[in-house]
Every structure is written in C-alpha cells, then in structure tokens.
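Below: one structure, written as structure tokens.
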Amino acid sequence: MKLDAKIPEGPLQEKWNRYKATCRLVSPNNKKKLDIIVVGTGLAGSSAAASFAEMGYKVKSFCFQDSPRRAHSVAAQGGVNASKNYQNDGDSAFRMFYDTLKGGDFRAREANVYRLAECSANLIDQAVAQGVPFAREYGGYLANRSFGGVQVRRTFYARGQTGQQLLLGAYSALNRQVAEGNIKLFSRHEMLELVLIDGKARGIIARNLDTGEIERHAAHAVVLATGGYGKIYYLSTLAMGCNGSAIWRAHKKGAGFASASWTQIHPTCLPQSGDYQSKLTLMSESLRNDGRIWVPKKENDPREPGDIPENERDYYLERRYPAFGNLAPRDIASRAAKERIDAGFGVGPQRNAVYLDFAHAIQEYGEDTIRERYGNLFRMYEKITGHNAYQRPMMISPAAHFSMGGLWVDYELMTSIPGLYAIGECNFSDHGANRLGANSLLQACVDGYFILPYTIGNYLADELRVGRISTDHPAFAEAETQVREQLQRFLDIKGNRTATDYHKELGLLLYDKCGVQRTKEGLESAIEKIRVLRADFWENLRVPGTSEHVNTELEKAGRVADYLELAELMCYDALTRDESCGAHFREEFQTAEGEAERRDEEYQFVSVWEYEAADQEPVLHREELEFETIQPSVRSYK
C-alpha cells in the first residue's frame with residue numbers, strides 16, 4: 001500500500017487556494033456523462049450528493065433508513081464551530097486551526113486541519129441561506145457560545161437541535177435535486193460490498209432491506225459518508241442502526257484504515273440504568289458552559305445533592321484544570337469523571353455518574369435565561385429520568401460517542417483505493433487523537449459542500465474516456481456471489497445465540513480493555529478473547545427467517561460480524577502505540593499528575609492498517625506527520 005497525502009506545496013494559508021486554482025476540472029457539458037455513488041445521507045452524504053447534482057453529475061444516493069432525515073446527524077445537539085469572530089474575542093482561522101490541532105494532541109495533518117478552519121466561515125453563510133434558524137442576540141446578530149478545549153466563543157447553535165436543523169437544510173438541497181431528476185435516491189438500501197475493476201472503485205452491491213433483493217450499482221466514483229463506528233461498544237450515544245460495515249468492507253478490499261483505536265468517550269451522557277438498555281443518551285456539551293461538574297468529597301455519600309454543602313463538594317475539573325474548568329476537552333473530562341467514579345465518589349443509584357449542576361447559573365442569570373438556552377435539553381432530561389434539572393443537578397457519565405479513526409484519506413479525501421472517497425466521520429483526517437466539540441458537524445458539512453466537490457473533479461477528469469460502467473462486468477457478478485454466500489452462511493449456522501448477544505459481550509469487553517483507558521496486558525487479553533468470541537459467533541449464531549424479505553436479525557448479523565473483525569484491529573492499533581495521546585490513554589504512559597504522556601520521537605505518525613485476512617495480523621504502514629507551522633508541545637489545559 002502506497003500512502004501519498006498529496007498535500008499542496010506552499011505556505012499553510014495558501015495551500016487550499018493553490019489547490020483550487022490548479023486542480024483539473026470537468027466541463028459542465030461533460031459532468032452529465034459521469035456517475036457518482038454516495039453512500040449515506042447524513043450531513044456529509046446529503047451535502048455532497050446535492051452539491052454534485054447541482055454541478056451536473058449524475059448521482060445515486062443510498063441510505064438504510066426510510067428517509068435521509070433519519071440519518072444520525074440529526075442527533076447532534078450543541079452546535080457547529082466557525083471562526084467568524086463575531087464576539088470580537090480574538091478568534092481567527094489560525095487560532096481555530098491551533099485549537100483543533102492541539103485538541104487532537106498533535107496527531108493530525110496541519111494542512112487538513114487548517115483547511116477545516118479556513119472553510120468554516122463559509123458554512124455559516126451557507127446554512128443561513130438555507131434557512132437554518134441559528135440562535136440570535138437581541139440585536140439580530142448570530143449568537144455564539146463556547147465548547148470544550150477553547151477560550152473563545154465560536155460555536156453557532158440552534159438551541160439543542162443544531163444537527164437536526166443543519167440536516168434539514170442539506171435534506172432540502174438533496175430533495176430538490178431528487179425532484180429535478182439529478183439524484184436517484186435509494187432509501188432502505190444497505191451497501192454490502194464494494195466493487196473494484198482494474199483496481200478502481202466502480203460500484204457497490206446493495207441489499208434492498210424491504211424485499212431482500214440484491215442489487216448492482218455502477219459509477220465512476222464511490223463516496224462513503226457512512227458515519228462512525230462507535231456503536232461497536234454496543235452502549236453508546238449512536239442510534240441502533242449506526243454501523244461500520246461500509247468502511248470495513250472497503251478496508252477488506254484494500255482501503256487503508258487509520259488510527260482505528262482513536263474513539264471518543266463523551267463526558268456528558270446519561271448513565272446506564274440497567275442491563276436492558278440498548279443505547280445511551282447524549283446530553284450536549286453546551287451544558288458545560290453554565291453547568292458545574294462535581295462529586296461529593298466523601299466516598300459513597302448517600303445524601304441528596306441539595307443536602308451536601310459547598311465545602312463538601314469537589315468541583316474536580318475546576319480544581320485540576322483552572323484555565324478551562326468545566327470546558328476541558330472531552331478526553332480529559334471523561335478520564336477525570338471515570339477516575340472519580342472508580343475511586344468511589346460516583347453518584348446515583350449505581351454510583352456510576354457525576355453531577356452537572358446549574359444552581360449557580362440560575363442564581364446568576366435567572367431560570368428564564370437558562371430555559372431559553374437549554375430548555376429542550378432540560379425537557380429531554382426530565383422525560384427520561386423524571387428529575388427536574390432546574391431544581392436538582394443532572395447526573396451524567398462518560399459514554400462511547402465518536403470515531404476519530406476511520407478510512408485513511410489523502411488531501412483530496414480519496415482513500416488508498418482510486419475512485420473511493422470517504423467524507424465526514426468515516427474518515428480519519430481532521431481530528432487527530434481527540435475531536436473538539438462542535439467540530440463534527442463542521443467537518444461533515446465542509447467535506448460535502450466545500451471540499452469534495454472540488455477534489456473529485458481532479459480524479460474524474462481522467463474518467464471521461466471510460467464511458468458508462470456496466471454492471472455486467474464479471475467483478476459485479478463475483479461481488480454479488482460473495483454477498484449472497486455470506487448472507488446464506490449466517491442463515492445456515494442455526495445456533496442458539498443472537499447477534500445482539502454477541503454485540504453486547506463484545507461491547508463490554510472493548511469498553512473495559514480498549515475504552516477510556518488501555519494497558520498492554522489488557523489489550524493482549526482482549527485480542528485473544530475477541531478471536532474466541534468470533535469463532536463462537538460463526539458456530540453458534542442464530543438468524544431466523546430468510547434473506548428474501550425484511551429481516552433485521554440478518555442485518556444485525558452482518559454488522560456484528562464486521563465489528564468482531566474491526567474490534568481486533570482497534571486493539572492492535574492501541575497495542576502498537578506505546579504512548580498516550582488524546583483519547584488513546586495507555587496507563588503505562590502518563591505523567592506523575594496522571595496526564596497523557598506523548599512520545600513524539602517514536603510516534604509522530606498516523607497508523608494506517610492494511611487488511612490481510614481475518615486470522616492474520618494486519619500490516620502497519622506509517623504516514624509521518626510533519627509540522628511546519630506549529631511545533632507540537634505538551635498539551636496542557638491547566
């Protein structure tokens with residue numbers, strides 16, 4: 001596998017403009033001769049598909065939901081970052097670039113991160129033009145608030161529904177092109193295989209989830225916008241249908257997988273209340289603007305929070321990180337919460353939570369102001385827990401949330417397979433070892449609206465001579481046969497355990513051994529246990545029914561089978577990185593104060609993995625990270 005990041009020459013601030021000025025183009029009258037498949041209809045997928053169609057390409061868009069509006073982007077709450085500097089507090093594209101690079105513990109490319117910050121301002125203008133109802137100040141200006149890891153206010157928000165409102169804008173643009181006939185939308189379709197012809201991505205095999213029909217779809221380029229794989233932990237903030245199958249199938253076809261173990265544990269989620277749960281609920285990071293996080297100073301304190309006086313409360317983030325306080329980055333806040341819970345200071349019925357308290361903010365600003373800022377989040381909390389957060393503190397706990405790792409992509413967002421692109425959360429490119437809050441929506445939108453529409457033309461300019469891709473090619477027949485054989489294999493096992501049962505066991509194992517904290521011994525043990533669990537899966541799985549109609553158990557089986565392979569790669573990735581950086585915290589590598597200890601001399605690179613076979617160790621390739629503008633420093637939020 002050859003890794004060429006294709007980073008343009010020149011000063012950092014000029015790279016993107018130079019690229020746009022020199023990349024190859026496809027003329028308007030030729031774009032209609034080219035087909036693009038976009039898998040996924042979240043913010044990245046919908047924005048990319050709509051942009052391609054607006055430019056004149058012929059687009060096929062796929063989602064496994066019954067509507068693009070059900071994509072998981074809808075669940076994002078708190079906001080989207082942009083370096084507009086409306087608050088006149090010193091923000092700029094460069095400061096946003098630095099905050100993002102530092103937030104990721106200097107484990108991302110400078111060029112990609114700067115481009116993210118550079119394009120951020122355009123996104124806000126785009127969203128406002130689409131009618132996204134961002135919060136506004138009394139005078140009509142767009143309002144901002146802070147998120148973790150920064151000391152400015154650059155987050156634009158629509159109460160606690162920012163993802164939903166941005167997705168409605170992208171969905172409207174997508175639907176317009178569907179109505180124009182430029183996009184053909186395939187809802188309730190799941191991609192099960194990538195098709196390569198002469199080493200290039202030329203289509204997919206998809207299953208109609210309503211009829212069970214296996215379909216072939218061809219194109220000149222394939223774009224994956226399928227989100228992250230955090231659901232591998234089973235209990236996570238992700239929707240039940242979220243999965244990593246599309247990118248894993250692409251990986252097995254030759255696409256490099258980068259930084260697989262870099263998964264984010266979000267610090268503000270509702271704690272698990274019992275074994276019956278299938279997911280956890282996110283509470284927006286924006287709540288940490290006004291909420292203060294604390295635990296009792298006394299272990300296993302049985303008192304109600306209102307009965308614990310101030311001098312017996314430990315505001316541990318404010319104590320340990322006074323410069324950022326409750327807005328410390330997510331990886332740091334999650335580790336600090338887990339440390340307090342594991343030490344016996346947790347609260348709640350299962351002692352697995354910490355308090356998020358708004359009493360001081362209500363006293364300072366008034367309940368009406370807090371209700372205006374977070375009203376829908378407080379209502380959601382009360383509906384789920386039965387508690388009024390205006391009167392007693394919320395209880396929150398860390399939970400699996402986001403994947404910084406994903407398919408390796410170059411500066412053009414192309415994977416190591418020519419013609420295959422990965423955008424949004426399913427690639428690795430922008431966040432390093434830890435994503436800052438409100439950068440997820442930003443990356444998804446910027447990739448789809450402002451980056452890929454430029455870069456894909458640089459590849460497609462050479463594809464005009466190919467003509468239409470035919471699904472009669474032997475590569476499609478071979479891929480379809482492989483899909484049918486795997487589906488039948490699931491059905492033929494006829495064991496006694498469900499896919500969900502295996503998923504739960506895998507999730508518990510991963511969270512314990514490759515979650516907030518990792519150790520060499522734990523990761524080695526996890527690899528062995530995953531192999532045993534995977535072997536048992538292929539002997540004792542039970543999938544009822546057939547493949548010729550709706551069969552959700554069959555869908556789950558395919559996704560869990562992929563998770564059982566991806567989980568092993570995650571553990572390999574964590575095991576081979578003998579340092580702590582961002583969300584990857586190896587207990588053997590920490591400072592005397594319990595902070596992450598990076599080892600730049602040995603590990604200033606991105607781990608990119610090449611697939612060999614299910615029972616063979618993956619092959620490690622390294623993309624060295626070069627820092628020309630900023631030199632990595634000790635990441636401190638004290």
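In the stretch 569-578 there is no residue matching the filter, namely being within 28 Å of LEU192 (Cα to Cα) and in a loop (DSSP other than H, G, I, E, B). The number of residues in the stretch 534-554 being surrounded by 21 or more Cβ atoms within 10 Å (Cβ to Cβ) and within 20 Å of CYS63 (Cβ to Cβ) comes to 1.
Which residue out of ARG107, ARG95 is crowded, with 24+ Cβ neighbours inside 10 Å, under 24 Å from the mean Cα position of the chain (by Cα), modelled with pLDDT of 95 or more and among the basic types (Lys, Arg)?
Among ARG107, ARG95, only ARG107 is crowded, with 24+ Cβ neighbours inside 10 Å, under 24 Å from the mean Cα position of the chain (by Cα), modelled with pLDDT of 95 or more and among the basic types (Lys, Arg).
Of the residues that make up the stretch 84-92, is at least one of a type in the set (Gly, Ala, Ser), in contact with an Asp or Glu (Cβ under 9 Å, 6 or more places away or on another chain), over 23 Å from ALA225 (Cα atoms) and open to solvent by 10 Å² or more (accessible area, probe 1.4 Å)? The answer is no; no qualifying residue exists.
In the stretch 367-396, the residues that are closer than 25 Å to PHE156 by Cβ form Cβ pairs under 9 Å with partners that are basic (Lys, Arg) and open to solvent by 60 Å² or more (accessible area, probe 1.4 Å), at six or more places apart or across chains, as follows: GLU372/ARG159; ARG373/ARG159; TYR374/ARG159; GLY375/ARG159; ASN376/ARG159; LEU377/ARG159; PHE378/ARG371.
Against the condition under 27 Å from the mean Cα position of the chain (by Cα), modelled with pLDDT of 95 or more and open to solvent by less than 10 Å² (accessible area, probe 1.4 Å), how does LEU509 come out, does it pass?
Numbers: under 27 Å from the mean Cα position of the chain (by Cα): yes; modelled with pLDDT of 95 or more: yes; open to solvent by less than 10 Å² (accessible area, probe 1.4 Å): no.
Spelling it out, it is not the case that LEU509 is under 27 Å from the mean Cα position of the chain (by Cα), modelled with pLDDT of 95 or more and open to solvent by less than 10 Å² (accessible area, probe 1.4 Å).
Identify all residues within the stretch 510-530 that are assigned to a helix (DSSP H, G or I), touching a helix residue (DSSP H, G or I) at 6+ places or on another chain (Cβ under 7 Å) and not polar (S, T, N, Q); write none if there are none. Quick ask: steps written out before the conclusion?
Within the stretch 510-530, the first condition is being assigned to a helix (DSSP H, G or I), and the residues that meet it are 510-513, 520-530.
From what is left, the residues that are touching a helix residue (DSSP H, G or I) at 6+ places or on another chain (Cβ under 7 Å) are 510-511, 513, 520, 522-527, 529-530.
LEU510, TYR511, LYS513, LYS520, GLY522, LEU523, GLU524, ALA526, ILE527, LYS529, ILE530, listed by residue number.
Quick check on GLY139: is it open to solvent by less than 20 Å² (accessible area, probe 1.4 Å) and on the phi < 0 side of the Ramachandran plot?
Details: open to solvent by less than 20 Å² (accessible area, probe 1.4 Å): no; on the phi < 0 side of the Ramachandran plot: yes.
Answer is no for this residue.
In the stretch 405-430, the residues that are at pLDDT below 95 form Cβ pairs under 6 Å with partners that are crowded, with 24+ Cβ neighbours inside 10 Å and not aliphatic (A, V, I, L, M), at six or more places apart or across chains, as follows: SER429/ASN112. Taking helices (runs of 4 or more DSSP H) as the structural unit, those lying wholly within the stretch 1-105 and holding at least 1 residues that are over 30 Å from LEU192 (Cα atoms) correspond to 15-22, 28-31, 93-103.
Looking only at the stretch 185-202, count how many residues are under 19 Å from ARG70 (Cβ atoms) and open to solvent by 50 Å² or more (accessible area, probe 1.4 Å).
Within the stretch 185-202, residues that are under 19 Å from ARG70 (Cβ atoms) and open to solvent by 50 Å² or more (accessible area, probe 1.4 Å) number 2.
Of the residues screened, ALA260 is one that is within 21 Å of ALA614 (Cβ to Cβ), in a loop (DSSP other than H, G, I, E, B) and either at pLDDT below 95 or open to solvent by less than 20 Å² (accessible area, probe 1.4 Å) (or both). Pairing each residue of the stretch 528-556 that is closer than 19 Å to GLU568 by Cβ with any residue that is open to solvent by 60 Å² or more (accessible area, probe 1.4 Å) and assigned to a strand (DSSP E or B), provided the two are 6+ apart or on different chains, yields no C-beta distance under 6 Å. Scan the stretch 166-174 and tell me whether some residue there is within 24 Å of SER403 (Cβ to Cβ), open to solvent by 20 Å² or more (accessible area, probe 1.4 Å) and either more than 22 Å from the chain's Cα centre (by Cα) or not charged (D, E, K, R) (or both). Checked against the condition, which is being within 24 Å of SER403 (Cβ to Cβ), open to solvent by 20 Å² or more (accessible area, probe 1.4 Å) and either more than 22 Å from the chain's Cα centre (by Cα) or not charged (D, E, K, R) (or both), the stretch 166-174 yields at least one hit.
Going through the stretch 299-331 one residue at a time, which ones are assigned to a helix (DSSP H, G or I), open to solvent by less than 30 Å² (accessible area, probe 1.4 Å) and touching a helix residue (DSSP H, G or I) at 6+ places or on another chain (Cβ under 8 Å)?
We begin by selecting, within the stretch 299-331, every residue assigned to a helix (DSSP H, G or I); these are 305-307, 310-312, 316-320, 325-327, 330-331.
This time we only want the ones that are open to solvent by less than 30 Å² (accessible area, probe 1.4 Å), so: 305, 316-317, 325-327, 330-331.
Once the filter is applied, which keeps residues that are assigned to a helix (DSSP H, G or I), open to solvent by less than 30 Å² (accessible area, probe 1.4 Å) and touching a helix residue (DSSP H, G or I) at 6+ places or on another chain (Cβ under 8 Å), the stretch 299-331 yields TYR316, LEU317, GLY325, ASN326, LEU327, ARG330.
The values are calculated or read from the model by the stated rules, or taken from the named source; none is laboratory data. These numbers come from a predicted model, not from an experiment. Using ideal geometry, Cβ is built from the backbone for each residue, glycine included, and neighbour counts are taken over all protein chains shown. Surface accessibility is based on the protein's heavy atoms, side chains included, excluding ligands, DNA and RNA. Shrake-Rupley method; radii C 1.70, N 1.55, O 1.52, S 1.80 Å.
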